Each structure stands twice: as C-alpha cells, then as structure tokens.
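> Handing you a structure now.
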Amino acid sequence: DAGVIQSPRHEVTEMGQEVTLRCKPISGHDYLFWYRQTMMRGLELLIYFNNNVPIDDSGMPEDRFSAKMPNASFSTLKIQPSEPRDSAVYFCASSLLAGASGTQYFGPGTRLTVL
Amino acid sequence: QKEVEQNSGPLSVPEGAIASLNCTYSDRGSQSFFWYRQYSGKSPELIMSIYSNGDKEDGRFTAQLNKASQYVSLLIRDSQPSDSATYLCAAIPPGGSTLGRLYFGRGTQLTVWP
C-alpha cells in the first residue's frame, strides 16, 4: 500500500514566486495535515482537514499561505508570494482517525528553498 | 509558551547503554502522548504512544508518563547505532481527543556510538 505521496521533493525558487506543494494521502484516511519543519521552530502544524474540510488553520503563518483539498485524494499548499523565511521542509501527513486513535503517517516531505 | 518542551541535546550514549529522552508539557489537561522518531533527512514515524500514568513497554522501548509532574519520557534499552535519530515528543491538547491536532516538541537528537 502506498504511503503519503508528496511532490515535488525539492523546490528551489526565487523570492516573490508562487510555490505549490502537493500531497496525496493514504487511501481511506479522513484526516490530512500540513506541517512545516525548521531548525528554529521545529515541527509546526499549519492546517488540517477532515473529510476535505479545513478544521484548523490557526497555524497558517499569514495570508500568503493557502491550502485546499478539492477531493479525498489530493491537497495543495500554496505560498504566494514566497519569501526566504518560508524556506523549510513541508510535510503532509494523513490519519484514519482523529486524536489518540489516529496515528499520523507522514509523507517524505518537500524541501523548499526560497532565494 | 511552548506546549511541549524537549532538551534538544545532542544526547550521546555508547552502544548497549540505556538512552533516556525527556519531555515536559505545559497544559495539565493534555491526555495523550506520542514519541516519533525521525532519521536525518527523513519524515517522522510513530514508535510509541501512552495515555495512562506509568510505564508502557514495546520491545526495547519504554514510555513513561507522569501526569502529576507533566512529564513524559522514552527509554531505549540496549541502544544500537541504528537508534541514532531525532526523537520528537507530541501531545494532544485538552479537548483535542476527537480532533486532529498534535503539538510537537522540537526534538532531541540521539547519537549511539559503537
């Protein structure tokens, strides 16, 4: 069974450009999470969805960030315009259930570098 | 205030020793706790979960929870070089048992030398 799939694995872009990160959760998982990981701040939850509906976007740093989940098998995280401080590894994770019952399975991550 | 705190390390132990990783959390209402392992350049993977006070053992790993002290730990017995990784502690916030979010600590880097 395929795990969480993310693309691209690496992205290098220039400041001001639009960046779109993609995620395909594990089939049948109802929860999808977007995280950002940096040395300074560790692993931070940006937003998560339940049955394609955004539940908590309080971690989205600012309006430059947006996320969508048009269907159960696909989600995007968009940064427009990108800034050097957005450089980080972005993980997508999915789980079958919520909370204590829901093990989160992480994708391989997208390493974003904004020059 | 950070919800989950960990000593960033690095923690270095010899092969065969017991590695002890510690985590504290700020919200007394937190009920469920998790330990994730993250190898360098890889994604986090769940290795242990614990919900009740006391110890929970799984192979070489033992998770310990003390809710009165708001303290969670992970012991790795007979440490192996393959255990070298960053260990992330995570907690579900109060009221979050039916929701999705986890709060992660920044992780403790463990090195097991042969």
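> Taking a cut-off of 17 Å between Cα atoms, list the lysines near B:Lys56, but don't count ones fewer than 8 places away on the same chain.
Straight-line reach from B:Lys56, under 17 Å: B:Lys67.
> Moving on. For the stretch B:11-57, which trypsin sites (Lys or Arg not before Pro) are both in a DSSP coil and crowded by at most 13 other Cβ atoms within 10 Å?
Loop-located and lightly packed - B:Arg28, B:Lys42.
> Leaving out same-chain residues fewer than 8 places away, which aspartates and glutamates sit with a Cα under 20 Å from that of A:Lys68?
A:Glu11, A:Glu18, A:Asp30, A:Glu44, A:Asp56, A:Asp57, A:Asp86
> While we're here: Which value, to two decimals, describes the C-alpha radius of gyration of chain A once divided by 2.2 N^0.38 Å? Could you put the intermediate results ahead of the total?
On the way: Rg = 13.3 Å, N = 115, 2.2 N^0.38 = 13.4 Å.
Relative to the 2.2 N^0.38 Å estimate, chain A comes out at 1.00.
> In nm², what is the average projected area of the convex hull enclosing the Cα atoms of the protein assembly as shown?
One quarter of the hull surface, i.e. the mean projection, equals 12.5 nm².
> Summarise the partner chain shielding of A:33-42 as one whole number: the mean count of Cβ atoms from other chains within 10 Å of each residue's Cβ. Don't jump to the answer; show the numbers that get you there.
On the way: counts 3, 0, 4, 0, 7, 1, 3, 1, 2, 11.
Taking the mean over all residues of the peptide, I get 3.
> Sticking with this one: Relative contact order for chain B: what percent, with Cα pairs under 8 Å and sequence separation of 6 or more? Write down the numbers at each step before the final one.
Numbers: 286 pairs, mean separation 43.0, N = 114.
The normalised contact order for chain B reaches 38 percent.
> In whole Hz, with x marking every Gly and Pro, tabulate ³J(HN,Hα) for the stretch A:11-28 from phi via Karplus 6.51 cos²θ - 1.76 cosθ + 1.60, θ = phi - 60°.
9, 10, 9, 9, 3, x, 7, 8, 10, 10, 9, 10, 8, 10, x, 5, 4, x
> Partner chain Cβ atoms within 10 Å, averaged over the residues of B:24-34 - can you pull that number for me?
For peptide B:24-34, the averaged partner shielding equals 1.
> Here's another thing I want to ask about it. Taking the Cβ of A:Met60 as the center, what net charge do the other residues with Cβ under 15 Å away carry, scoring Lys and Arg +1 and Asp and Glu -1?
Neighbourhood net charge equals 0.
> Among residues other than A:Leu45 whose Cβ falls under 9 Å from its Cβ, what is the net charge (Lys/Arg +1, Asp/Glu -1)?
On the way: positive: A:Arg36, B:Arg101; negative: A:Glu44, A:Asp56.
Neighbour charge sum, excluding A:Leu45 itself: 0.
> Net charge within 12 Å of A:Arg36 by Cβ-Cβ distance, Lys/Arg positive one each and Asp/Glu negative one each, not counting A:Arg36 itself?
Result for the local shell: +1.
> Right, something else. Would you work out the Kirkwood radius for the stretch B:20-108? I mean one over the mean of 1/r across all pairs of different Cα atoms, in Å.
After inverting the mean inverse Cα-Cα distance, the result is 13.3 Å.
> Quote the relative contact order of the stretch A:17-103 in percent (integer), defining contacts as alpha-carbon pairs under 8 Å separated by 6+ residues.
In percent, rounded to a whole number, it is 39.
> For B:Tyr71, A:Tyr105, what's the largest-to-smallest order of accessible area, 1.4 Å probe?
A:Tyr105, B:Tyr71
The values are calculated or read from the model by the stated rules, or taken from the named source; none is laboratory data. Because the structure is a prediction, the values reported are computed rather than measured. Positions of Cβ are generated from backbone atoms using ideal geometry, with glycine treated the same way; all protein chains shown enter the neighbour counts. These accessible areas exclude ligands, DNA and RNA; they are computed on the full protein's heavy atoms, side chains included. Shrake-Rupley method; radii C 1.70, N 1.55, O 1.52, S 1.80 Å.
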